[in-house]
Amino acid sequence: MTVTDLHCQPGSQELFNGLCLSIVAGEVCELRGPNGCGKSTLLRIMAGLQQPDNGKITRFIEPLGYLGHKFGVSSILTVRENLQWTSTLCGNRLDSHRAREFLEKFQLLSAANKSIQELSAGQKRRCSVICLLIGNYKLWLLDEPFSSLDSSGEELVRELIQDHCRNGGSTVIASHSESRFANANQVELGIS
Amino acid sequence: MHRLASPQHFFLDTKMWVVWLYVVGIIGLLVGSIWGLAFVPPERFQGDSFRIIFVHVPVAIFAQIVYISLAIAGGVHLVWKLRMADVYMAAATPVGFWLTALALGSGMMWGIPTWGTPWEWDARIVSTFFLLILFLGLIVLRQVIPNPARATTALSILAIVGAINIPIIKYSVVWFNTLHQPASIELFGDISIHTIYRIPLFTNIASVFILTAGIILANMRYLTIERNASKTWVQPWIQGRDQ
Amino acid sequence: MRLWLLYRRELLIEIRSGVESFIPIVFFILVVGIFSFVLNEVVSNESKVLVSVVWITTLFTSILSLDNLFKRDHTDGTLAVAVLHSDAVIALVVAKLFGHWTLTGIPITILGPLIGLMSGMQFEHAAMLGLTLLIGTPTITMLGALVTALLVGLGRGGELLTILILPMYIPILLFGMGVCHLYIDSAPYTSELLWCLALLTGTITAIPLALGPVLKLSQDS
């Protein structure tokens, strides 16, 4: 995926001008910078949820896995039903062995038949990460994926991202905390 | 034409156009109206009350034409993403709204002496009424959608759907009315417009057209400045206005 | 298969959320009931009035129910996930529209004539009312969904929807209601019925295609 000469100016404040970026297979790219510098906006533009004022985005693989501030899981349905829905969207049946494996890994097995609204924020986040895995996306766009996770959850997600990139996938992370990936490609965004 | 598609050239090139359109439009409107109101003999059946035709007809025609042009601009925006189409839509919507309101108001005023009632559920009135609601919808929709790109696309879709809808409304009301009551109102059925009335009427139609174009153009120039406020070529203009 | 699963999800969400999903139908029964009760004494041709009341209430019910069509999915972020699957989004939209129609259109189509029969309408007239509602309610769902999709995520609901959507509903209202009136008068009604079908066909083909891009755009805020 490449981003060329991106220009975005919502309202009067210019977020970025002439931004170029390309993400190759196996790469972790961290977007970093203070609040309000446009990390989430850039991520949304890359996902295609938002239109830039100028510039071009080429996506070589679709669909891509996007995890935003919202959890992206239906709060009335159960965990399992949400996984089912994600795999339906991606056009395959839910592989129940895989689902079970992921649920076990994320300690959600006991909560699998509870509806999302009964879960804590951290558990919801875990559930949306499982949805990301179920979808078999090549490119992940993660907006603050570590928020509301406990330390074991953070470690788990970090390992998953590294595994994902080792297997030829790539990840873009927006994060304001310190870098968690030694080999990551760091992109600093600042308020201009 | 290509030159005018860029905001800067558009702004710089059209300054004198606005002035001329205003001058010609206002003079034409004055001539047509005074002629129509003072120098034309009263009409055979309606007496003096028919003179409101010189306001009503031009305004009603351009209310519809502005709406159609909005739908066309919406189509242009959806297909070619032309920025000026967006500016045109934003500039023309309020103008169309007021034209429609004026058409309805003058029609009601005309209705009282002629039909004995300001309002009759006839096809023409109903479709103009819904035209007014559609214009209102477009204005409100632009206000509630903060993101301009999204607002324009939403407005384009609404304008196009509305443009398909208005003729169907008109037809369905015609049909529905004939179902319930015999058509009692035929505006120009037995009264052909005499040449003597035609000249001031056409003068006014042309003047309203010119004036509408002038107002829309002035609006467009204003919006161009507002949307490009951060560009360097705009700075002298903004400062000039502040002084 | 995919369509069925997506459709099942929509119904599941609606049923799980409980009474909230059935408020529009309760509203429908209530309003039609009040109208026929109040107008009962006043008018001579009862079945014609009742037909009109049922049709107009259908429009208001649809406005009431449309408010929730995309709102829930937008709030929990599933709509954002869904629009990124550009090949699945049409199936999702069709499932959603069909789900909405199942929970409002079908009950109205059944209840409208039923209330008519209970207030002494002739059986054939009630059947004709049912037929026009069967054609009309999907059209209403389609048109309503398009306008609702334009407003997703704006935080304004019903009041804005009302002025944007009612002008769009006028043709189907007049034709649907008119067919019933003509039938009650034993007048020929075929061409008007064909108009209803034309509106249904037009909306049902065009609007699901348009909704995908419109919903994607609605994420841009």
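Along its principal axes, region B:1-112 has C-alpha extents of 52, 28, 17 angstrom, given from the largest down. Considering only C:35, C:148, C:123, whose Cα is most displaced toward the positive end of the charge dipole of chain C, charges sitting on Cβ of Lys, Arg (+1) and Asp, Glu (-1)? Among C:35, C:148, C:123, the one farthest towards the positive end of the dipole of chain C is C:148. The separation of region B:124-140 from region C:78-149, counted between C-alpha centres, amounts to 26 Å.
Sorted ascending by nearby beta carbons within 10 Å, beginning with the fewest, B:82, C:111 become B:82, C:111. Using a simple spin-label model with pseudo-atoms 7 Å out from Cα toward Cβ, residue B:34 and residue A:60 lie 7.5 nm apart. Look at the stretch C:161-169: the mean tally of other chain Cβ atoms within 10 Å of its residues' Cβ atoms is 5. Over region C:2-220, the Kirkwood radius and the radius of gyration, each from Cα atoms, give a ratio Rg/Rh of 0.99. For region B:89-162, trypsin sites (Lys or Arg not before Pro) meeting the loop criterion (DSSP other than H, G, I, E, B) and having at most 13 other Cβ atoms within 10 Å: none.
Counting only DSSP H runs of at least 4 residues, each contributing -39500 (n - 2.57), and dividing by the residue count of chain C, the helix-based mean residue ellipticity at 222 nm comes to -26500 deg cm²/dmol.
When chain B is treated as a Gaussian network with alpha carbon springs shorter than 10 Å, the biggest mean-square fluctuation among B:223, B:104, B:131 belongs to B:223. In terms of its alpha-carbon gyration tensor, chain B comes out oblate; a/c meets the 1.5 threshold, while b/c is at least as large as a/b. Ignoring the sites themselves, chain A has its longest run without trypsin sites (Lys or Arg not before Pro) in a DSSP loop having at most 15 other Cβ atoms within 10 Å at A:115-192.
A Cβ-based charge dipole, computed about the Cα centre of region C:2-220 with Lys and Arg at +1 and Asp and Glu at -1, lands at about 500 debye. Once the C-beta distance of residue C:2 and residue B:119 is scaled by a Förster radius of 60 Å, the resulting FRET efficiency is 0.70 to the nearest 0.05.
Between residue C:43 and residue B:139, the simple label model (points 7 Å from Cα in the Cβ direction) yields a spacing of 3.4 nm. Distance from the Cα centroid of region C:167-221 to that of region B:1-70 is 36 Å (rounded to whole angstrom).
Any idea what the dipole of region B:10-152 comes to, in debye rounded to 20, about its Cα centre with Lys/Arg Cβ at +1 and Asp/Glu Cβ at -1? So the magnitude is around 420 debye. Long hydrophobic helices in chain B, taken as whole DSSP H segments with a C-alpha length of 24 Å or more on their own axis and mean Kyte-Doolittle hydropathy at least 0.0: B:15-34, B:53-80, B:83-115, B:123-144, B:148-180, B:195-227. Counting only DSSP beta bridges whose two residues both lie in the protein assembly as shown, roughly 40 percent are antiparallel. Pairs from the list A:39/A:124; A:70/B:231; B:81/C:71; B:15/C:216 with a Cα-Cα gap above 32 Å: A:70/B:231; B:15/C:216.
Loop-located chymotrypsin sites (Phe, Trp or Tyr not before Pro) across region B:1-84 with a Cβ neighbour count of 12 or fewer within 10 Å are B:45, with loop assigned by DSSP. Using C-alpha pairs below 8 Å separated by at least 6 residues, the relative contact order for region C:2-220 is 27 percent. Derived from the Cα gyration tensor, the three semi-axes of the equivalent ellipsoid of the protein assembly as shown are 51, 38, 16 Å, largest first.
Give the calculated FRET efficiency between residue C:124 and residue C:162 to the nearest 0.05, with a Förster radius of 35 Å applied to their Cβ-Cβ distance. Given R0 = 35 Å and the Cβ-Cβ separation, E is 0.55. The distance between label points at residue B:9 and residue A:96 comes to 6.7 nm (points 7 Å beyond Cα on the Cα→Cβ vector).
Between residue A:69 and residue A:186, the FRET efficiency from the beta-carbon distance, with R0 = 25 Å, is close to 0.70.
Charging the Cβ of each Asp and Glu at -1 and of each Lys and Arg at +1, and nothing else, the dipole of the protein assembly as shown about its Cα centre rounds to 980 debye.
Structure remark: mean-square fluctuation, Gaussian network model of chain B, C-alpha springs under 10 Å; the largest value among B:173, B:57, B:79 belongs to B:79.
Counts of other chain beta carbons within 10 angstrom of each beta carbon in peptide A:137-150 average 0.
Taken together, the values in this text are just the output of simple stated rules run on the coordinates, not laboratory data. Small disclaimer: the values here were computed from a predicted structure and weren't measured. A quick note on method: Cβ atoms are made from the backbone with ideal geometry, for glycine too, and the neighbour counts reach across all protein chains shown.
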